Amino acid sequence: MATVDQIAPGKTATFSGAVVALLAAAIFINYVDRGNLATAAPLIQGELNLSNTQIGVLISAFSWIYVPGQLLAAWLVSRINAYRTLAIGLALWSLATVLTGFATGFAALFALRILLGLGESAGFPASSKLLAQHLPAHRLGSANAMISAGISLGPAGGILFGGLLIAHSGWRVLFVAFGCLSVLWLGPWLVATRDLSRVGRQVQAAAEPTYRALMARRELWAAAFGHFAYTYPFYLVLSWLPLYLVKAQGYSLSAMAELGGLVYVLSATISLGAGALADRWMARGASSNRARKTLIGAAGAIGIVSMLMCAFGDSKLAVAGLLLSSLSAGLGSFNLYAIAQTLAGPTAAGKWVGLQNCIGNISGIVAPIVTGVIIDVTGRFSLAFVAAALMYAIGLFCWTFGIRRIEPIIWR
């Protein structure tokens with residue numbers, strides 16, 4: 001997996017498996033910290049006397065800046081390089097997490113969610129730029145699967161250990177402890193990437209396609225809307241799973257933590273296996289188009305079934321639907337980024353993923369609020385899961401038919 005870059009005569013900097021592992025760790029931390037509010041929501045809601053709609057707004061507020069922040073992060077990647085951009089972002093979101101532990105009301109929580117979203121927006125433009133720049137197409141599956149495992153294991157760790165922690169020590173300790181742990185990542189990252197960061201950008205910004213050129217591509221819009229549709233159910237689960245299990249299914253906080261953690265652990269395990277399978281399949285001759293469309297198409301079909309099980313099944317069938325949704329997430333999550341990196345190529349990956357993530361993660365604004373309103377109006381989660389199934393169907397069309405072929409675009 002390692003590649004080398006020249007930094008001086010006779011000296012090289014290595015983009016190694018350790019750097020990929022640190023990228024995965026950063027995304028893991030990213031999702032632990034963004035999911036902490038949902039984990040602590042049952043206690044925060046009672047202590048601060050917040051409605052379901054207010055909880056939805058707080059969870060959604062993160063994405064209000066996270067979405068446009070993708071474009072700022074992509075710009076910083078081009079100007080100061082991806083390594084430094086990611087380090088600055090992580091330091092900022094760790095600070096926001098710690099300060100959340102001292103919040104005393106809705107306004108303070110809202111402001112800190114905005115700050116958290118700004119910092120975390122650096123994650124995917126930076127990581128996608130580095131993977132596309134250093135790895136061939138037939139290795140993007142495993143690398144993105146490691147990062148996608150962080151997407152799943154972050155909420156798993158947050159909901160499992162965070163849920164157990166707040167059950168014994170309260171929700172404020174959760175934010176302070178997790179924020180302090182997050183910032184420890186910076187040391188290994190700065191050491192491992194010091195020489196790589198010194199190299200700077202290997203492709204000059206002038207050689208990158210413009211945003212106008214990217215937005216003229218049908219593939220970009222199909223990927224962006226497909227991303228939105230596939231992450232809508234993810235944000236529903238990420239935002240409302242703790243309250244769903246505690247209030248709708250009657251689980252205790254400890255039992256909620258265990259079952260919620262299991263959903264995410266299964267997703268991470270499936271992602272790692274599917275990523276390795278995709279790489280092996282492509283190494284044996286399968287095209288990016290065939291491998292990526294097969295897996296992301298299967299993710300959509302399974303997702304539709306799982307959300308309908310949650311909507312219309314009894315308690316056991318609904319929980320089975322949640323577990324099945326982990327298969328959909330595991331198959332789809334890493335392909336969202338592997339497809340973007342393949343289409344954009346090393347030159348445009350930072351900007352492409354910035355745009356795709358910007359549009360795609362509007363679902364992080366919409367899903368929590370829409371779900372909260374549906375629950376307040378109907379008193380049930382059923383229609384919220386029906387909406388998620390519909391989103392999966394739209395995404396399935398975008399990924400499989402909206403993009404004619406998944407292959408590198410020739411930028412002129």
Inset, instruction - Counting other Cβ atoms within 10 Å, keep those with at most 11, restrict to DSSP loop, and tell me which trypsin sites (Lys or Arg not before Pro) in segment 112-216 are left. - result: none
Inset, instruction - Please report the relative contact order for segment 15-402, taking Cα pairs under 8 Å with a sequence separation of at least 6, and give it as a percent rounded to a whole number. - result: 29 percent
Legend entry - Dipole of the chain, positive direction: furthest Cα of G35, A216, L331, with charges on the beta-carbon: A216
Legend entry - Highest-fluctuation residue, S197, S325, S182 considered, GNM on the chain with Cα pairs under 10 Å: S197
Legend entry - Highest-MSF residue in the chain out of Q70, Q133, Q249 [GNM, Cα springs under 10 Å]: Q249
Legend entry - Cleavage-rule hits, chymotrypsin sites (Phe, Trp or Tyr not before Pro), segment 96-177, DSSP coil, Cβ neighbours within 10 Å at most 16: F102
Legend entry - Normalised contact order of segment 1-152, rounded percent, pairs of Cα under 8 Å and 6 or more residues apart: 34 percent
Inset, instruction - For each of I374, I147, count neighbouring Cβ atoms within 10 Å of the residue's Cβ, then give the residues from fewest to most. - result: I374, I147
Inset, instruction - Please work out the C-alpha center-to-center distance from segment 209-241 to segment 40-68 and express it in whole Å. - result: 23 Å
Inset, instruction - Within the set of other residues whose C-beta is less than 11 Å from the C-beta of W281, count the net charge using Lys and Arg as +1 and Asp and Glu as -1. - result: +3
Inset, instruction - Based on other C-beta atoms within 10 Å, arrange S382, S239 from fewest to most. - result: S382, S239
Inset, instruction - Return the loop-located trypsin sites (Lys or Arg not before Pro) in segment 216-288 (DSSP other than H, G, I, E, B) with at most 14 other Cβ atoms within 10 Å of their own Cβ; answer none if there are none. - result: R284
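Counting other beta carbons within 10 Å of each Cβ, put L165, L336 in order, fewest first.
By the 10 Å Cβ count, ascending: L165, L336.
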Legend entry - Lysine pair count for segment 15-402 [Cα-Cα under 29 Å; pairs on different chains or 8 or more apart]: 4
Legend entry - Stokes-Einstein D (µm²/s) once Rh is taken as the Kirkwood radius of segment 346-404 over alpha-carbon pairs, at 4 °C in 1.567 mPa s: 96 µm²/s
Inset, instruction - Please find, in a Gaussian network model of the chain (springs between Cα atoms separated by less than 10 Å), the residue of T39, T400, T231 whose mean-square fluctuation is greatest. - result: T400
Legend entry - Cα-Cα P(r), the chain, percent of pairs per 10 Å interval: 5, 24, 35, 25, 10, 2, 0
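Since every read-out is calculated from the coordinates, none of them should be taken as a lab result. Note that the coordinates shown come from a computational prediction; the quantities given were computed from them, not determined experimentally. No Cβ is skipped: glycine too gets one built from the backbone with ideal geometry, and neighbour counts run over all protein chains shown.
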